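These notes concern the structure reproduced below.
The values are calculated or read from the model by the stated rules, or taken from the named source; none is laboratory data. These figures come from a predicted structure and were not determined experimentally. FYI the Cβ positions are ideal-geometry reconstructions off the backbone, even for glycines, and counts take in every protein chain you see.
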Amino acid sequence: NLQSIKIHQAIRLFRTMSEGKSDEKVILAYWDIRGLAQAARFALEYASIPYVNVTYACGDAPEYNVDAWKIPKAENKWPLDFPNLPYLIQNNVKITQSNAILRHIARIGKIGSQDPDMQSLADCYLEQIMDLRNAYVRELYGGGGFDSHRKAVEANIFPIYNRILGERSWLCGDSISIADFHLYEMVFQHNNQFSGILDNFPNLTAFLQRFENLPKIAEYLKSDRFGQWPFNNKMAKFGSTKTY
C-alpha cells in the first residue's frame, strides 16, 4: 500500500526489491514537501501505480540542516548515476530529473495518447511548464520579486494556457497528458499565493476543477496519503507553512 517511510527503510526496501522479495513497484523520493515531486505523485495515483512515497526532512532555521539527504546522497547506496531529488526507482530503472520521472510514469501508466506526435507535444508543454516553475522558484528561494513575477505570468504565460484550455479539455486534446499534472500544480500554487490571479482566466479555473474531479485524483485528495502543504522547503519566502 501507499505509505511514507524513512530513508533507512527506503534503502532496506530497495534491497529487498532487488532480491525480488517485495511486491512494491516504484519508490518515489523527495523532500517532505509538494515541490518537484507532487506532479509525479498525482500521476502515480491517477494511473493506480503502487508506490512508496519516501520523504526527507530539512532542518529548521537558521541552519536548515540537510544531512537527512546529504549523507545518503554521498553514500549513494542505490546507486544512482546522478544522485538528486526527486529520484525514482523501479526494478532496474533508477532515475533522477523530474521531467524524466514524469515521462517514465506516463509510459508505464499509459497516461495520455500513445501517438508519437501527441507525446512530443506533451514533451513541449512539460519543458514550458518547467520554465514557469524555475522562474517562480528563483523568487521563492532568491530574490522574492513576486510582484514582477505575477505581472509576467498574467501578461505572458497564463493567457496562452487559458486560450489552449478554451479550445480543448486538456493540453494535448480530449485526453489528459502527463504535462497536465505539472500544469495543475503550478496553476494551483500560483492561485494560492496570488489572490485573484485567475480572475481573467476562467479556463484555467475550470481546468483546476476538472483535474480535481478526476475520480482517482478526487479520492487521493481526500486521503491521508495527500499532503496539502507545505509547497516549498523551510527556507522559501512563501509556501513553507500552511497558508490555506
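Among the criteria (1) assigned to a loop (DSSP other than H, G, I, E, B); (2) modelled with pLDDT under 95; (3) under 18 Å from Asn233 (Cβ atoms), the one Gly142 does not fulfil is (1).
Take the conditions (1) surrounded by 12 or more Cβ atoms within 10 Å (Cβ to Cβ); (2) of a type outside the set (D, E, K, R); (3) over 20 Å from Ile105 (Cβ atoms); Phe188 misses just one of them, which is (3). What's the number of the condition Lys70 fails, among (1) outside any helix (DSSP H, G or I); (2) of a type outside the set (Ser, Thr, Tyr); (3) over 24 Å from Arg210 (Cα atoms); (4) more than 15 Å from the chain's Cα centre (by Cα)? The failed condition is (1).
Tallying residues that are closer than 27 Å to Gly142 by Cβ and polar (S, T, N, Q) within the range 208-244 yields 6.
Across the range 94-120, the qualifying residues are those that are among the aliphatic types (A, V, I, L, M) and closer than 20 Å to Phe42 by Cα, and the one among them that is surrounded by the fewest Cβ atoms within 10 Å (Cβ to Cβ) is Ala100.
Of the residues Asp224, Asp147, Asp199, only one is farther than 29 Å from Thr55 by Cβ, among the charged types (D, E, K, R), in a loop (DSSP other than H, G, I, E, B) and out of contact with any Phe, Trp or Tyr (no Cβ under 9 Å at 6 or more places or on another chain); which?
Asp199
Is it true that Pro50 is under 24 Å from Asp224 (Cβ atoms) and not assigned by TED's automatic domain parsing to the domain that holds Asn134?
On the way: under 24 Å from Asp224 (Cβ atoms): yes; not assigned by TED's automatic domain parsing to the domain that holds Asn134: yes.
So Pro50 passes the test.
Against the test of being among the aliphatic types (A, V, I, L, M), farther than 23 Å from Ala218 by Cβ, touching a Ser or Thr at 6+ places or on another chain (Cβ under 9 Å) and in contact (Cβ under 8 Å) with a residue 12 or more places away in the chain, the options Ala29, Ala57, Ala61 yield a single qualifying residue, Ala29.
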